[in-house]
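Quick notes on the structure that follows.
The values are calculated or read from the model by the stated rules, or taken from the named source; none is laboratory data. Small disclaimer: the values here were computed from a predicted structure and weren't measured. We place every Cβ from the backbone using ideal geometry, glycine too, and count neighbours over all the protein chains shown. Protein only, heavy atoms only, side chains kept; ligands, DNA and RNA dropped before computing areas. Shrake-Rupley method; radii C 1.70, N 1.55, O 1.52, S 1.80 Å.
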Amino acid sequence: MSRLNFVLTTVLISISLCAIPTWAQTPRWTEQKAQVWYAHQPWLVGSNYVPRSAINQLEMWQAATFNPAEIDQELGWAEAMGMNTMRVFLHDLLWQQDAPGFQKRIDQFLAIASRHHIRPLFVLFDSCWDPLPHLGAQHPPVPGVHNSGWVQSPGAKALTDASQYPRLKAYVQGVVGAFANDDRVLAWDVWNEPGADNLGSYPKQELHQKDKIARVTELLPQAFEWAREANPTQPLTSGVWSADSSQDDSNLPTLQQIQLRESDIITFHNYSWPEYFRREVTWLKKYNRPVICTEYMARSVGSMFDTVLPIAKAEHVGAINWGFVAGKTQTYLPWDSWRHPYVVDQPAVWFHEVLLPDGTPYRQAEVDLIRQLTAGSAETK
């Protein structure tokens, strides 16, 4: 691109940004406000949720494949075991495709969830898995492979095209603004695992890691700003992942520093042994904000309901495991299935998921434990 063209493009982007209606931005919540909010919540327990018939966010939400009856059935199963929240991924392309229709389907989802006393945590952006998302029919699951159809938001093309940033801003402010005062929404997760490299799954399609991190580092604070300008009554967050709790805060990667600096409430991911889970909780509590684990439970690598959930309850930490009902995401298969697909033999132990497709528990003792620990969780802690 010539220097003249670059300058003209920059000017056009600036004009486009100015053309989008803006609101007075609310500040980051104080520690006190965050703690008061948390004191009014029950002990938060749930799963990362996608219906069994959907391979990814797009298939969950697009009009042709949105399945309210299935969602109602599955959230009923969740309610029966004591769960009161679900972490649910959205996607920017859905807003671009049909903003009114997407908003209507989110409202319909919230109505179903509310009937089951479940308040979702909505995820706006995601750096994990396929960097080339597309609307329309999604491909079938790759046999024997974990999460073979999950897609990033924004995709690589949008992430590297500054002219699309006004569209991303419109998406964030459109969705958050539509439900900013809706008590059925628990919170907003601005960006899932920002900057994830996906080199073990999409090495040929993924952006160069330095380039991706640079662009996400630029956009992540803006995404928080866009969401705050919509004046949500719910807290904003972005979950710290792959964090080394032994590090001094100033030595943390820049993206993690941004997450901790911008979040109203602290969320994190931990798929390790319970002693590491406990250590990370202790580390994050020093920020004097509510702490919620938004991803855990991978049986074959040491993260299990039996050991982690009792710690979470004792520490008053919310706990949202990955996966609820086994289905097209195939996340009951382990991460290493990308190198060694489980086509002939199944893994000795399921990786994620709580229930079989018909609602039967994968392991009855786990469901019994969840039900036991969440008994009375409708009350505030």
Could you give me the residue pairs with C-beta distances under 8 Å whose first residue belongs to segment 337-354 and is closer than 14 Å to Val301 by Cα, whose second residue is open to solvent by 100 Å² or more (accessible area, probe 1.4 Å) and among the hydrophobic types (A, V, I, L, M, F, W, C) wherever it lies, and which are 6+ apart or on separate chains?
Phe351/Trp335
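Looking only at segment 332-381, count how many residues are polar (S, T, N, Q), over 23 Å from the mean Cα position of the chain (by Cα) and in a loop (DSSP other than H, G, I, E, B).
Start the filter on segment 332-381 by keeping residues that are polar (S, T, N, Q), which leaves 337, 346, 360, 364, 372, 374, 377, 380.
Next, from what is left, pick out any that are over 23 Å from the mean Cα position of the chain (by Cα): 346, 360, 364, 372, 380.
With in a loop (DSSP other than H, G, I, E, B) added as a condition, the list becomes 346, 360.
Residues meeting the conditions: 2.
Quick check on Ala227: is it at pLDDT below 95 and either open to solvent by 20 Å² or more (accessible area, probe 1.4 Å) or part of a helix (DSSP H, G or I) (or both)? Steps first, answer last, please.
Details: at pLDDT below 95: no; either open to solvent by 20 Å² or more (accessible area, probe 1.4 Å) or part of a helix (DSSP H, G or I) (or both): yes.
So Ala227 does not fit the description; no.
Return yes when Ala326 is out of contact with any Gly (no Cβ under 9 Å at 6 or more places or on another chain), within 21 Å of Pro140 (Cβ to Cβ) and touching a residue at least 24 places away in the same chain (Cβ under 8 Å) and no when it is not.
Numbers: out of contact with any Gly (no Cβ under 9 Å at 6 or more places or on another chain): yes; within 21 Å of Pro140 (Cβ to Cβ): yes; touching a residue at least 24 places away in the same chain (Cβ under 8 Å): yes.
The answer is yes for Ala326.
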What's the number of the condition Ala214 fails, among (1) open to solvent by 50 Å² or more (accessible area, probe 1.4 Å); (2) farther than 18 Å from Ile265 by Cβ; (3) in contact with a helix residue (DSSP H, G or I) (Cβ under 9 Å, 6 or more places away or on another chain); (4) assigned to a helix (DSSP H, G or I)?
(3)
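Within segment 103-123, can you find the residues that are in a helix (DSSP H, G or I) and closer than 20 Å to Ala80 by Cβ? Give the steps one after another, and end with the answer.
Residues of segment 103-123 in a helix (DSSP H, G or I): 103-115.
Residues satisfying the conditions are Phe109, Leu110, Ala111, Ile112, Ala113, Ser114, Arg115.
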If I go through segment 69-87 residue by residue, how many of them are outside any helix (DSSP H, G or I) and surrounded by 23 or more Cβ atoms within 10 Å (Cβ to Cβ)?
4
Answer yes or no: is there a residue in segment 155-167 that is open to solvent by less than 40 Å² (accessible area, probe 1.4 Å), modelled with pLDDT of 95 or more and acidic (Asp, Glu).
no
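Have a look at Ala137, Ala63, Ala78 and point out the one that is in contact with a Gly (Cβ under 8 Å, 6 or more places away or on another chain) and closer than 30 Å to Asn198 by Cα. Show your work before the answer.
Working: Ala137 fails: in contact with a Gly (Cβ under 8 Å, 6 or more places away or on another chain); Ala78 fails: closer than 30 Å to Asn198 by Cα.
The match here is Ala63.
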Please verify whether segment 303-319 includes one or more residues that are closer than 30 Å to Gln32 by Cβ, buried (at least 17 other Cβ atoms within 10 Å of the Cβ) and of a type in the set (S, T, N, Q).
no
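Pro100: in a helix (DSSP H, G or I) and open to solvent by 30 Å² or more (accessible area, probe 1.4 Å), yes or no? Steps first, please.
Details: in a helix (DSSP H, G or I): yes; open to solvent by 30 Å² or more (accessible area, probe 1.4 Å): yes.
Taking the combined requirement at face value, the residue satisfies it.
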Checking the structure you have, find out if any residue of segment 269-292 is more than 18 Å from Gln35 (Cβ to Cβ), part of a strand (DSSP E or B) and hydroxyl-bearing (Ser, Thr, Tyr).
no
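What number of residues in segment 244-287 are surrounded by fewer than 13 Cβ atoms within 10 Å (Cβ to Cβ), modelled with pLDDT of 95 or more and not β-branched (Val, Ile, Thr)? Can you show your working first?
Taking segment 244-287 first, the residues surrounded by fewer than 13 Cβ atoms within 10 Å (Cβ to Cβ) are 244, 246-251, 261, 275, 282, 286.
This time we only want the ones that are modelled with pLDDT of 95 or more, so: 261, 275, 282, 286.
Those still in the list that are not β-branched (Val, Ile, Thr) too: 261, 275, 286.
Going through segment 244-287 one residue at a time, the tally reaches 3.
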Scope segment 293-310; condition in contact with a helix residue (DSSP H, G or I) (Cβ under 7 Å, 6 or more places away or on another chain) and assigned to a loop (DSSP other than H, G, I, E, B); matching residues
Tyr296, Met297
List pairs: first residue in segment 181-199 and assigned to a loop (DSSP other than H, G, I, E, B), second residue aliphatic (A, V, I, L, M) and surrounded by 24 or more Cβ atoms within 10 Å (Cβ to Cβ) anywhere in the structure, Cβ distance under 6 angstrom, at least six positions apart or on different chains.
Leu186/Leu121
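Name the residues in segment 88-97 that are assigned to a helix (DSSP H, G or I) and either aromatic (Phe, Trp, Tyr) or surrounded by fewer than 16 Cβ atoms within 10 Å (Cβ to Cβ) (or both), would you?
Restricting attention to segment 88-97, the residues satisfying the condition of being assigned to a helix (DSSP H, G or I) are 92-97.
Listed by number, the list holds a single entry, Trp95.
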Counted residues, segment 289-300 - those being free of Cβ contacts under 8 Å to residues at least 40 places away in the same chain and closer than 20 Å to Ala326 by Cα:
1
